[in-house]
Every structure is written in C-alpha cells, then in structure tokens.
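The values are calculated or read from the model by the stated rules, or taken from the named source; none is laboratory data. Everything numeric here is computed off the predicted structure, so don't read it as measured data. Cβ placement follows ideal geometry from the backbone for every residue including glycine, while neighbour counts extend to all protein chains displayed. Protein only, heavy atoms only, side chains kept; ligands, DNA and RNA dropped before computing areas. Shrake-Rupley method; radii C 1.70, N 1.55, O 1.52, S 1.80 Å.
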Amino acid sequence: IPPNPANMCVGCLRAQVDITEGIPKQCTVHFCKQCERYLQPPGTWIQCALESRELLALCLKKIKASVSKVRLIDAGFIWTEPHSKRLKLKLTVQKEVINGAVLQQVFVVEYVVQSQMCEDCHRIEAKDFWKAVVQVRQKTVHKKTFYYLEQLILKHRLHQNTLRIKEIHDGLDFYYSSKQHAQKMVDFLQCTVPSRSKSSQRLISHDIHSNVYNYKSTFSVEIVPICKDNVVCLSPKLAQSLGNMSQICVCIRVTSTIHLIDPRTLQIAEIDGNTYWRHPFNSLFHPKQLEEFIIMDINRVHEKKKGAGAGARSNKHTLAEAWVRKTSELDTDHQYFCCTHLGHILNPGDLVLGFDLANCNLNDEFANKMNPQHIPDVVLIKKSYDRSRRQRRRNWKLKELERDREATDTDDERQYQDFLEDLEEDETIRKNVNIYRNADIPVESDTDDDGAPRISLAEMLEDLHISQDATGGEGAEMLT
C-alpha cells in the first residue's frame, strides 16, 4: 500500500475511525401540498423544483452544524421516485485523522418529506384569508373599460398576488393577503385608467398586551363612467378650456385619459381623471341605442378654418359632410345631414352606426341648455361590418383572468365581441394588449376581404402550449 502517516491501510483506518460520526443520516423537510413550497426554517416558505440547486441548499442547511466538523467536497441528489416522499443526498467529505492522515468518505443522507400546511394556505382554508380588498367599479352599461383593464393586468402580471378575484354586475373585487399588495394595485389602476379612490379599514382584533392591531382594509376605486364610442355633452366651461370645442363630442378611446374628438372640426382633447371629477359629464346614449344608417352621399372637407383659440386636430381622421338615411326608413325620402370624422373610411353606400339626436329625448343638464342649432341631427360613430364573418376569420385570441363570475348572459358576449372589434380597429389600444395567435383558425387569403380591419400576424404572440408528450409522458420521443 502507499505509505501514510497512520501506517494503516484505508480499510483498517475506516474500521477504526468514522469521520461521518455525528452527521445525521436521516432528516425531515416540510412541504406544503397546496402551494408546493418547502419550509426554510424558521418561517420562510420557498418554491423549489426537485433536484434543483435551491432544494440542495435547503437540505444542506438542515445538517449545516454537524457538517462543519468535516470538509464537504461534493454533494448531489440520488434519483428517487417523485411520489416516494423521500429525497436522497450523496455527500463526499474529508477529515484529518491519526497523525495527519486525510480520510475521504462517501455516504448518503435520506430526507423524509412531511406535509405541513403553510400559513398562507391555512388562512385560505380557514375562509378568513384576505387582509385587503380592492373594489373596482364603473357605473356604465358597457364593460369595454373592464375588458381593457383585464388585459393590462394580465400583461403586467398584477393578478399573481391576488387570493381571489370576484366579478359582480358593475365591477370586480380583488382580494389580497396584505395591504401593500392592494395599495400597489390601486396605484396601478390610477396610472392606467382615469379613476378616483377611497380607503377604509375595519378593526378585527386587538391584543392589549403586545399592542398589535389586526385590520381589514377596503379600497374603493371608481372609474369614470365613460366608454369608447360614447357621445358626451361637455359643460360650456370645460369645452371652452379645451380650446373652444363643441359641447357634443365623441369618445374615441379611454386609456389613462379620456380621448375626445369633435366630429364637426376634428379637434381632439384629452381629459384626465382629476379634470373629469372637477367637471363631470355623462354619456348621452347607451350602446344599445346605436342605429344603422346608409351613406347616400359624402363630401370630404379638405380645408376647414380654425376657430379662435382652437386646439390640436386629429391627423388620423378626415372631416367629411354626409347625407345619410336610416336603414329602417329606406321606404321614405327622409335624409339627415351631418359632419363626421370618419371621412377616411366611408364611401357612398356604406353602412354606418350612429346616434339619432334629431328624434330623441335628451335628458342631460348641459344638452338641455344648448342652442338647438348647435346640436347635430346625427352623430356617426363607426363603420358597420358583417359581425358573424369577422368572428369566423378572427385568427387570434386573448387570455382571461381566473375569477368567480356570475352567470354570463348573451349581452356580456355581445359586449366582449364589441371589445374585440375595437382592438382590430384601434392600433393605439392594441399596443397595450398581449394578443395570441389562435392556431385552430387557418389564416385566410385577403382576396375575399370585405375591408374590415384585421390584426396582422406580426402583432400576435405565439401561445405557449406544453403537451403531455413534450414533458416526457407516455410515447414521448427523445429529442436529439
């Protein structure tokens, strides 16, 4: 044998000295079945995959005190069945023994995985889990703003800290385990949609000895009751401050501000939440009151003189003067004259949706005080396309939040289709939304295109699908 300071062979040396003495050969780790996290003493729960570096570090910390007496050379997992509740760790250690001889030994430590519910899951099971709730409300008939907000929350992953999302008839409730997460959500909402918020808290319990108070916080966020395609009537003071706009305007989109356009001059303005709550105004019509008109004649206006103090004009729209007739009154000769901001997409014979102001009762405090000559007969909102055809060729989809919802009706489905059509028509809103390609619907050629706006493939993301075969299930093929 090679000479060593102990003058003994390795076998006899190991028989006399056990360098692994004092290192436990069996330990326990705690695992929460609900959230699939491991306990890192004293009270931290961490997410670890099997045979990962994080789990290896957690296992070594369990025997850290006893391993400090020897020199750890190598550590690694021995494969065990995933459902066996056993983790095996192979350790290689060195230690100086008799007369300075260094002995190296390999041994196995077995960890028994015990189930233990973490505090977060315990609170959920006890039905007393939330510490803060954010109640988002909007007093409108249409949910377009909520559908847009849902996509923003998904894109920025703000739904990850929620314990539960509940949908009610005029809004959403987000439940959180801490007040900080709820406050973060409120700050996000105030940055993305024009809104105002209030907060309150209720005392649940109080420990007089340690002076610890347990509160439940409620944040109420009210979104402005204006949606895309609404016709609004501004107060005279607000219209004047926006550059002498007409009081009757069309809302072309709602992002962090309300975007308005004057259909008679193409003048545009943006109103933030603070300005709206100082000078509130309402929508004159519900989306259900949209009527279908047919363009009899249209004349584009290329030069329109700017009024005194007028603000900026839209470059994406074209001003036009049009003669229209209701499709329900085609057997009569009754026509309406109107100015519209849709001159760039309308031609004689096109169908267009709009509101009839000439034959309706306006119940609005500002509209009732207006000079009747300044109120247009018809306000055109958007071009009408064949909805069923658009649905069939829609080769993209959106993701949705997992939420407790009330029974959905046909009206909700119609509103969701309206939102999808708005995405196709408005590129500005589309930039803030993750759109995924729907592989089930083939891409059609553009030869039979009816002119309806569509989303290009370049704007779509590939949806991630993990199939059973790809994760090594039955019949999985080796990828070389």
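Please determine, by comparing only the residues of the range 179-204 that are more than 20 Å from the chain's Cα centre (by Cα) and small (Gly, Ala, Ser), which one is least open to solvent (accessible area, probe 1.4 Å). The selected residue is Ser200. Those strands (runs of 3 or more DSSP E) of the range 78-143 in which 2 or more residues are among the β-branched types (Val, Ile, Thr) and open to solvent by 30 Å² or more (accessible area, probe 1.4 Å) occupy 102-115. Criterion first (assigned to a loop (DSSP other than H, G, I, E, B), modelled with pLDDT of 85 or more and open to solvent by 10 Å² or more (accessible area, probe 1.4 Å)) does Lys228 satisfy it? Yes; evaluated as a whole, the condition is true for this residue. Does the range 37-60 contain at least one residue that is open to solvent by 50 Å² or more (accessible area, probe 1.4 Å), more than 40 Å from the chain's Cα centre (by Cα) and touching a residue at least 12 places away in the same chain (Cβ under 8 Å)? Within the range 37-60, none of the residues are open to solvent by 50 Å² or more (accessible area, probe 1.4 Å), more than 40 Å from the chain's Cα centre (by Cα) and touching a residue at least 12 places away in the same chain (Cβ under 8 Å). Within the set Glu167, Glu150, the sole residue that is part of a strand (DSSP E or B) and assigned by the TED database to the domain that holds Gln190 turns out to be Glu167.
Among the residues of the range 61-71, are any modelled with pLDDT under 80, small (Gly, Ala, Ser), in the same structural domain as Gln105 (by the TED database) and open to solvent by less than 40 Å² (accessible area, probe 1.4 Å)? Yes. With respect to Thr20, determine if the residue is open to solvent by 40 Å² or more (accessible area, probe 1.4 Å), β-branched (Val, Ile, Thr) and on the phi < 0 side of the Ramachandran plot. Here the answer is no, as Thr20 does not meet what is asked.
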